């Protein structure tokens, strides 16, 4: 009988070897190293979410456009369409990430939006969450 064994990148097994770098790019050595798949995936997703469409060279369709909400009226219809687009883009750009929940908490009186993304990294059994507050 076959059984599924959780995947693990070999680089995760060596704690002193960095997998990549995180954000913001302002640490003691400019780059903040990430040492696990979980940290790097989270850094990649935050980078995607805070990048505006058309901002990335040679990839004009890359980006979550969350910062563009700062200049929009905070409406449920605005966040509903953005939620669907972010779900589709994450499926395209991050095929190893399974989105469990995308939630926008609107506070129109304060012109504030809180974005929550709960996700799982496929074949790794890693679950994580990202919360971004836009004011």
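The values are calculated or read from the model by the stated rules, or taken from the named source; none is laboratory data. Keep in mind that what you see is a predicted model, and the values were worked out from it rather than measured. FYI the Cβ positions are ideal-geometry reconstructions off the backbone, even for glycines, and counts take in every protein chain you see.
Here are a few things to note about the model shown:
- Among the residues here, residue 55 does not qualify as under 20 Å from residue 114 (Cα atoms) and surrounded by fewer than 14 Cβ atoms within 10 Å (Cβ to Cβ).
- The combined condition, being surrounded by 13 or more Cβ atoms within 10 Å (Cβ to Cβ) and either touching a strand residue (DSSP E or B) at 6+ places or on another chain (Cβ under 9 Å) or modelled with pLDDT of 80 or more (or both), is not fulfilled by residue 92.
- Unmet requirement for residue 129, which otherwise passes all of (1) over 23 Å from residue 25 (Cα atoms); (2) without any contact (Cβ under 8 Å) to a residue 60 or more places away in the chain; (3) out of contact with any helix residue (DSSP H, G or I) (no Cβ under 8 Å at 6 or more places or on another chain): (1)
- Positions within the range 97-122 being in contact (Cβ under 8 Å) with a residue 24 or more places away in the chain and loosely packed, with under 13 Cβ neighbours inside 10 Å, in sequence order: 100, 107, 108, 110
- Hits in the range 13-36 (condition: outside any loop (DSSP other than H, G, I, E, B) and either exposed (fewer than 13 other Cβ atoms within 10 Å of the Cβ) or modelled with pLDDT of 90 or more (or both)): 13
- Qualifying position, being in contact with a strand residue (DSSP E or B) (Cβ under 8 Å, 6 or more places away or on another chain) and either at pLDDT 80 or above or within 28 Å of residue 108 (Cα to Cα) (or both), among 55, 39: 39
- Inter-residue pairs, beta-carbon under 6 Å, first modelled with pLDDT under 75 and in the range 67-82, second buried (at least 16 other Cβ atoms within 10 Å of the Cβ) and part of a helix (DSSP H, G or I), 6+ apart: 72/78
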